[in-house]
Amino acid sequence: MIPHLPKTEAFFTWLTNWPKTVLILSLLTIAAIGSFVPQIHKDTSSDAFIAKDDPVLIYREHVRKTFGLEDPIVVAVINNGENGVFTPESLSLVAEITETVSKLANVDPDRVTSLATESNIVGTFDGMEVTDLFDPFPNTQAHADRIKAAVEDFPLYQGSLVSRDGSTTLIVAELIDQEIAKDTYREIMKLVADMPKVGGDIHVAGEGAISGYLATYIDNDAKTLNPLAGIVITLVLFVAFRTIAGTLLPNVIVMGTVAAAFGFMAAFDISFYVITNGLATILIGIAVADSIHILSQVYEERVRMPDASRQEVAVRAMGKMWKPVTLTSITTIAGFVGLWLGAEMPPMKYFGLFAAVGVAAAWVYSMTFLPAAITYFKLKPSKLFTGANTNDRYGESLKRIGGAALKSPKLTLAVTLLIAILGVAGTSKVLVQEAQIENFQIDEPLYIADKAINQRMDGTYFLDVAIETTEVEALYQPRHLKRIEALQAYVESIPAVQGSTSVVDYIKQMHKAVNENQQAYYSIPDDPDLVAQLFFLYSASGDPTDFEEEVDYDYQRANVRFNLPTADYQLLTKIVPQIQSYVDQEFNTNEIKANLSGRVAVNHKWLKTISDNHVKSLTLSLLFVFIAAVLVFRSFIAGLFSLIPVVMALLLVYAVMGFSTIWLGVGTSMFAAIAIGLGIDFAIHTLDRMKELIMTRTGSYDDRMADLFPSTGRALFFNFAALGLGFAVLTTSEVPPLIRFGFLVMTAVSASFLAGLTILPVLGKVLRPAFLFTEVDANNKRRLVGATASTLVAATLATWLLVGEGADADDVLPDADALIASVNARDEGQWVSRNLKMELIDKRGKTRTRDTIGYRRYFDTEKRTVLFYLAPSSVKGTGFLTYDYPEAGRDDDQWLYLPALRKIRRISASDRGDYFLGTDLSYEDIKKESKVAAEDYSFNTLGAETVDGFETVLVEGVPVSDDIAKELGYGRVLWRIDPTIMMSRKVEMWDINGNPLKTIHNKDIHQVDGIWTTHSIMVENHKTGHQTNFTFSDVDYKNEVAEKMFEQRSLKRGK
Amino acid sequence: MFLPTPPSYRHLMAASAIIVGAALPARAELFDNLEFSGIFETHTALAFKGTELQTSQFSLTPELSFDISPTMRFTLIGRLRGDLKDRLEPGAPSNFSRTTFNDRLFLGDQLDAEIREAYIDTEIGSSYLRLGKQQIVWGQADGLKVLDILNPQSFREFILPEFEDSRIPLWSVNAEIPIGELTLQLVWIPDTTYDDIPDQGSTFAFTSPLMVPQAPVGVPITFARTNKPSKVISDSDVGVKLSAFLDGWDLSLNYAYHYFDRPVVRRFITGEGVAIHQDYMRSHLIGGTFSNVFGDFTLRGELGYATNRYFQTDDIGDLDGVVRSNDFSYVLGLDYSGITDWFLSAQVFQSFLSNHEPDMIRGSVDTSITFLARRNFMNEALTAEALLIQSLSDGDGLLQLAVTYEWKSNVRLKAGADIFYGKKRGLFGQFREADRLTAGIEVAF
């Protein structure tokens, strides 16, 4: 239907005049963008699904740090015998596993909990005694029975450590680094495989194992799927064209597409998430679609004009195909943009964005590389394209299907209506549900273990409630303890919650123990002093760190941990708000507050966005493709027509989901946006061709449509085959959600294809819409694509502003200057005193140490700091005093007192970059502590980075002048500023020549007297290999540091 | 000249006991924050001449400190020193310059023990008070003394050891009182101990005519008498220092009324030859110091005007062989730290006499310069240093090279060379045959 359009043909003629140049440029571009791909970094953690600065995630980090809670790996020892696990054999197995697991590198040996590590609290006539359950080790059944009795008398262990029926006991191992949890899981699996089985199985599960292992599981799976998708699609191409060029050229475009999507992803430092694995498969399918249409046209043209030159054929084919290919690319991009804007979870957002980037790349290569290749290479004619219409068996079958539909329009519409009704019915039955464990095959050992353990125990999923009070030792107060007790009782009354652990349980157990184990005393004492004494008594014979998971050192914060045997979305959406409202009500006083945390709370936070995400991205995608279609056909009705196949496909998929109980979960929720983006193509191609046929052919409606099926229909069929089979490959996956996702998209694509080819011609026949039967004037047409594109851009921007504002505001990086200003405004207290141990370590590991004491005090805005060396004796008495003036440009005043000289030396402060007394920190670093001299640098925010599990903002500082750079000794500095505490967690420095100079790592940052304080600074000098470790202790912001401490006369006195 | 007697130590112990005991009355805080540390050091010097050991000594310097009360801290630093060679102070040194309660205990020829410091730090309001045996150091110059005259010095190894070790602490009262932005230091030193000057025959005995009178060869010299002040009150020294930090400048004004720590060595020609009389003379010293930083440079200076100093003369007609003059002297120093790991320093010292006679050994103007270059390596684990002191007036000088390596946190290895040059009559040249290589280990505990 494309009339002579000199401009586009002129373009393609010009392009094909230089085929070799275009080919080389295309390949170079592919290589250049592709060269970024190796830099891509993976973030396969499940925390990636939630924005890093989300308060829930930050709070969980806080709780995790306070109580040292990490996601554990859990080993369950089961003995189905009459005594359960309380036999010498089973207990010895527990001891053995505990010991071997503790020795694993990634297991925190102090945080392994099992019968072999836990203590029993028993009353003695003068108080209580804390003894290890396994002390001495139970060698006899009688002894094992005694342990059984002790555990049964210790409610805290019931259900959490030992199952209530005694058949199962757990070894809970907390991991040091969650990132390598999968390796630890494998190690433990291997370990356990060698252990003898005593009367039952040994299982390994736990949150740590699940989240750690899941990523690898999906990852490995995708590694085999993507190549398979490539092979399948190559086969489709071969079947479609039976020529080498027809098979290979689209594969070059596939390469370009995939390289562009992942190359840009790497270049913009976007992580490769678990679900990004699916992107490659989708792009492979999409990338070949454009070339299938263009190549089909080329082969048709060759048949039509056997004597034409290769260039003429290419130009003619492109002249006809550029528009539908461009339009479908735009609509597909629109679909993915909808996903990008609609989704809140970062992995989904970026999935949408880079799918759009890939589609755009596929379009560019199809418009440039393909015509150039067709011109340059001698294409063998395809045997399949012989006549004016290609009447091979595919064309024939399609003609039959389409013809049948056209012949009985009423039946076609009735079937359509039926499917629509089924779809609506099914939609109401779709279950929004997600559970990480369900991502595994049901015969996976981890899955089996999870089910077995959670069936017997109180549950391995934890919901934490962190209690915070305002005063030290407030948790000795019975009124607070009773509040916690009531919380436990309330939450445990929820059927899904199986048990809980808190410091209150220990208090009650101890209270009972000191009262001759009388059950009546299993209660909270009324006297705070008695509570304090109980802890004191415990510490007399037990390890005081036994409580560190339940209460902090100051008895100011407590953690209550609830056990859940399952943690699926449906359950969480029910109970988390319920518990939240209880907490909001009961823990909302000035002296006590509580917050929900733990993995369960975090998961709930992001899981609850699934259905929102789905609806939002679905709506936006539909809206965008509708706008695109309206503009393409300059008709509102045409827009609605285009949506019909897509909507039908969606309804069918919902019907399938609803009736076959496929959950709408993380993976499946993306299908709709993707299906819209892909499915709309069929409608556009079909409608475009229908319009052409109606305008150019003669005869009845059915006669004019006769050519639709064998030509456009055939191309669409192979387009569909490539996409459908691409997604079908996913169904061979081992990961259940991926199987479902592949199945759903395949269903949707098939439905769109069939609906496009049948319903649209029938509707055209029945409704005779004006847009199909009127010619659009040439001028309008020329503006068509431009208008489409610009409207889409405008719509995207508008939506981004309206819809995305809330969600995306978080993604906008904070202003660097403002951030630095906030860092510098961070409260440091008016004064501080602290001990500082310096370790100077040379590259061979030889360590020298210095013990010092330091004081700082603000005199209005002037900061004075003094540091005294205490040990070793050889440097004892050395003192360093600094006056740091707030005025920019005013040098500090510094004095050094050297005991060997007994003189205070005035020292130059202009060499701020010199190393401070043999450390790897410069005088400037020492003086500024974790602040920054803002006037020295120009700052830039570069992005975000996770440091020690904390999300930080990457701020670059470049000295404002060469002189300043020389003074500082730094040519560039990169701070990782944690915006929640306004402190840099890590700093990298480069020298003035741009070589890496050193890395400063601030660790062990926690609040002292309400002020964020780093307790450990590790500095690595990359040039010398030297390292400096600073460890701060006894940090005190409370006690005033006398003004005279900062006078020269005090410097001489040595402290 | 007398040897110390045990009773003097009993006095000392008694004095310490009284000081400590006075603060005792059942204070729970007593001995709070008790700290004990110390340094063990060896020091061996190999003389170039004859390649024989000049000294092979060790010293043990224990330090004990504890709180007597929250505002009162007691510090005790002792020193036990042994020298296998016994050439620096051969036999039993005369030691006449010390007071009884600031004496060394000689345990045979090779061992000596002394209380280096023993003081109580306390605060009265915002004033600091340090009572007891201590070092009080004035001035801004390195290795040269204009104002650093409150404590005498031991010259057993001339000026080669660090002043910290060679300075002789005195029993003193030292108060530092803030007055607005100024600090007033009041010092009272009842301890009439003066410089330890090596006896003739020691390695570093003075021979330069600048310091000791000369007699023609064959003329016998007798040490007739030494007048050493000994009255606690009337012979005590006092000092006042007013210091301030003003507009970036560290400034001080100093005044001392004191006995000059080196005796005036008078020679009287008698029938039997030359008789030497040694007298200590009082002097007024008024002076000041300043320092400030200019970019990479630190400027330091001290100047002083001292009355009543005595200088040797060659004039045979002079009755006692010394000329009295007032002395204006100054040191101007410039430190440069603009190169990473380097410290460079230069000083000029000049002294002008108000009264100069033609036959005086020294000129009316005496000029010396010093250069110091220090380079740190390996994060200051290794330090190399060269110090040159050059007399422009006499042309002689001293070059000191030293390398210190911090092997462990508490172990330092040291090596160095001390090279004197110039004419034998010069201050430095007199020791040109005492050039040496040194090595030592310092262990802190």
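The values are calculated or read from the model by the stated rules, or taken from the named source; none is laboratory data. As the structure is a prediction and not an experimental result, all values here were calculated from the model. Here the Cβ is made from the backbone with ideal geometry for all residues, glycine too, and neighbour counts use every protein chain on show.
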* Asked: For residues in region A:193-204 being crowded, with 18+ Cβ neighbours inside 10 Å and modelled with pLDDT under 85, which is nearest to A:Asn454 (Cα to Cα)?
  -> A:Gly200
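Hey, among the residues in region B:242-295 that are part of a loop (DSSP other than H, G, I, E, B) and without any contact (Cβ under 8 Å) to a residue 12 or more places away in the chain, which one's farthest from the other protein chains (Cβ to nearest Cβ)? Even if it seems obvious, please write down each step before you answer.
Going residue by residue through region B:242-295, those that are part of a loop (DSSP other than H, G, I, E, B) are B:247-248, B:260-263, B:271-272, B:280-281, B:295.
Next, only the ones that are without any contact (Cβ under 8 Å) to a residue 12 or more places away in the chain stay: B:247, B:271.
Numbers: B:Asp247: 11, B:Gly271: 48 Å.
The residue in question is B:Gly271.
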* Residue selected from region A:434-488 under the condition in contact with a His (Cβ under 9 Å, 6 or more places away or on another chain), of a type in the set (A, V, I, L, M, F, W, C) and outside any helix (DSSP H, G or I), by the criterion farthest from A:Arg599 (Cα to Cα) -> A:Ile467
* Scan of region A:259-272 for residues that are within 29 Å of A:Ala721 (Cβ to Cβ), in contact with a helix residue (DSSP H, G or I) (Cβ under 6 Å, 6 or more places away or on another chain) and either surrounded by fewer than 24 Cβ atoms within 10 Å (Cβ to Cβ) or not hydrophobic (A, V, I, L, M, F, W, C) (or both), ordered by number -> A:Ala259, A:Gly263, A:Phe264
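Are any of the residues in region B:353-367 within 14 Å of chain A (Cβ to nearest Cβ) and free of Cβ contacts under 8 Å to residues at least 40 places away in the same chain? Please lay out each step first, then the result.
Pass one, region B:353-367, residues within 14 Å of chain A (Cβ to nearest Cβ): none.
No: region B:353-367 contains no residue that is within 14 Å of chain A (Cβ to nearest Cβ) and free of Cβ contacts under 8 Å to residues at least 40 places away in the same chain.
Report, by residue number, each residue of region A:826-877 that is of a type in the set (S, T, N, Q), assigned to a strand (DSSP E or B), more than 11 Å from chain B (Cβ to nearest Cβ) and more than 40 Å from the chain's Cα centre (by Cα). It would help to see each step written out before you state the result.
Applying the first criterion (of a type in the set (S, T, N, Q)) to region A:826-877 yields A:830, A:833, A:835, A:847, A:849, A:852, A:861, A:865, A:873-874.
When the remaining residues are screened for being assigned to a strand (DSSP E or B), the result is A:833, A:835, A:847, A:849, A:852, A:865.
Checking the rest, the ones that are also more than 11 Å from chain B (Cβ to nearest Cβ) come to A:833, A:835, A:852, A:865.
The answer is A:Ser833, A:Thr852, A:Thr865.
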* Pick from region B:301-327 the residues that are in contact with an Asp or Glu (Cβ under 7 Å, 6 or more places away or on another chain) and part of a strand (DSSP E or B): which of them is nearest to the other protein chains (Cβ to nearest Cβ)? -> B:Ala306
* Structure fact -> When region B:419-445 is checked residue by residue, the ones that are surrounded by 20 or more Cβ atoms within 10 Å (Cβ to Cβ), assigned to a strand (DSSP E or B) and either touching a Gly at 6+ places or on another chain (Cβ under 7 Å) or at pLDDT 95 or above (or both) are B:Phe420, B:Thr438
* Asked: In region A:136-152, is there at least one residue being buried (at least 22 other Cβ atoms within 10 Å of the Cβ), touching a strand residue (DSSP E or B) at 6+ places or on another chain (Cβ under 9 Å) and of a type outside the set (A, V, I, L, M)?
  -> no
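When the residues of region A:602-623 are narrowed to those that are among the hydrophobic types (A, V, I, L, M, F, W, C) and within 27 Å of the chain's Cα centre (by Cα), which ends up farthest from A:Ile210 (Cα to Cα)?
Quick first cut of region A:602-623, residues among the hydrophobic types (A, V, I, L, M, F, W, C) only: A:602, A:606-607, A:610, A:615, A:618, A:620, A:622-623.
Among the residues that remain, those that are also within 27 Å of the chain's Cα centre (by Cα) are: A:602, A:606-607, A:610, A:615, A:618, A:620, A:622.
Details: A:Val602: 15, A:Trp606: 17, A:Leu607: 16, A:Ile610: 20, A:Val615: 29, A:Leu618: 30, A:Leu620: 34, A:Leu622: 36 Å.
Per the criteria, the residue is A:Leu622.
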* Asked: How many residues does region B:339-371 hold that are surrounded by fewer than 17 Cβ atoms within 10 Å (Cβ to Cβ), not in a strand (DSSP E or B) and not acidic (Asp, Glu)?
  -> 8
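Which of the residues belonging to region B:420-436 are free of Cβ contacts under 8 Å to residues at least 40 places away in the same chain and at negative phi?
To start, the set of residues in region B:420-436 that are free of Cβ contacts under 8 Å to residues at least 40 places away in the same chain comprises B:420-423, B:428, B:432.
The answer is B:Phe420, B:Tyr421, B:Lys423, B:Phe428, B:Arg432.
Only residues that are of a type in the set (A, V, I, L, M, F, W, C) and buried (at least 23 other Cβ atoms within 10 Å of the Cβ): list them for region A:358-389, please. It would help to see each step written out before you state the result.
We begin by selecting, within region A:358-389, every residue of a type in the set (A, V, I, L, M, F, W, C); these are A:359-364, A:367, A:369-370, A:372-374, A:377, A:379, A:384-385, A:388.
Answer for region A:358-389, where residues must be of a type in the set (A, V, I, L, M, F, W, C) and buried (at least 23 other Cβ atoms within 10 Å of the Cβ): A:Val359, A:Ala361, A:Ala362, A:Trp363, A:Phe369, A:Leu370, A:Ala372, A:Ala373, A:Ile374, A:Phe385.
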* Extreme residue, nearest to A:Ser938 (Cα to Cα), among residues of region A:955-997 that are in contact with a His (Cβ under 9 Å, 6 or more places away or on another chain) and part of a loop (DSSP other than H, G, I, E, B) -> A:Asn995
* Determine which member of the set B:Ile221, B:Ile189 is under 19 Å from B:Asp261 (Cβ atoms) and away from chain A (no Cβ under 14 Å). => B:Ile189
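So if I check each of A:Arg634, A:Arg599, which one is under 30 Å from the mean Cα position of the chain (by Cα) and touching a residue at least 60 places away in the same chain (Cβ under 8 Å)? Step through it out loud before you land on a result.
Details: A:Arg634 fails: under 30 Å from the mean Cα position of the chain (by Cα).
Going through A:Arg634, A:Arg599 in turn, just one is under 30 Å from the mean Cα position of the chain (by Cα) and touching a residue at least 60 places away in the same chain (Cβ under 8 Å): A:Arg599.
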* To do: Might you check whether a residue that is under 33 Å from the mean Cα position of the chain (by Cα), acidic (Asp, Glu), surrounded by fewer than 20 Cβ atoms within 10 Å (Cβ to Cβ) and under 30 Å from B:Gly295 (Cβ atoms) occurs anywhere in region A:984-1001?
  => no
* Residues being closer than 30 Å to A:Asp221 by Cα, hydrophobic (A, V, I, L, M, F, W, C) and either surrounded by 15 or more Cβ atoms within 10 Å (Cβ to Cβ) or modelled with pLDDT of 85 or more (or both) - total across region A:399-454 -> 10
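Okay, residues lined up against (1) in contact (Cβ under 8 Å) with a residue 60 or more places away in the chain; (2) over 21 Å from A:Asp681 (Cα atoms); (3) of a type in the set (Gly, Ala, Ser):
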site	(1), (2), (3)
A:Lys320	yes, no, no
A:Ala343	yes, yes, yes
A:Gly352	yes, no, yes
A:Ala356	no, no, yes
A:Ala361	yes, no, yes
A:Ser382	yes, yes, yes
A:Tyr394	yes, no, no
* To do: Identify the single condition in (1) without any contact (Cβ under 8 Å) to a residue 40 or more places away in the chain; (2) assigned to a helix (DSSP H, G or I) that A:Tyr553 does not satisfy, given that it satisfies every other one.
  => (2)
* Could you figure out which of (1) farther than 22 Å from B:Gln140 by Cβ; (2) surrounded by fewer than 19 Cβ atoms within 10 Å (Cβ to Cβ) isn't true of A:Ala900? => (1)
* Asked: Within the set of pairs 6+ apart or on separate chains, which have a first residue in region A:1039-1055 that is at the interface with chain B (Cβ under 9 Å from one of its Cβ atoms) and assigned to a helix (DSSP H, G or I), a second that is buried (at least 20 other Cβ atoms within 10 Å of the Cβ) and acidic (Asp, Glu), and C-beta atoms under 8 Å apart?
  -> A:Gln1048/B:Asp250; A:Arg1049/B:Glu176; A:Arg1053/B:Asp121
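So is A:Thr1028 buried (at least 19 other Cβ atoms within 10 Å of the Cβ) and over 14 Å from A:Ser930 (Cα atoms) or not? Walk me through it before giving the result.
On the way: buried (at least 19 other Cβ atoms within 10 Å of the Cβ): yes; over 14 Å from A:Ser930 (Cα atoms): yes.
Yes, satisfied.
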* Just for region B:106-153: of the residues that are out of contact with any Pro (no Cβ under 8 Å at 6 or more places or on another chain), part of a strand (DSSP E or B) and among the small types (Gly, Ala, Ser), which one is farthest from the other protein chains (Cβ to nearest Cβ)? -> B:Ala113
* Structure fact -> By residue number, the members of region B:401-445 that are in contact with a Phe, Trp or Tyr (Cβ under 6 Å, 6 or more places away or on another chain) and away from every other protein chain (no Cβ under 14 Å) are B:Phe420, B:Gly422, B:Phe428, B:Phe431, B:Arg432, B:Asp435
* **Single residue of region A:1017-1038 satisfying the filter (closer than 16 Å to A:Val832 by Cα and of a type outside the set (Val, Ile, Thr)) that is nearest to the other protein chains (Cβ to nearest Cβ)** => A:Asp1034
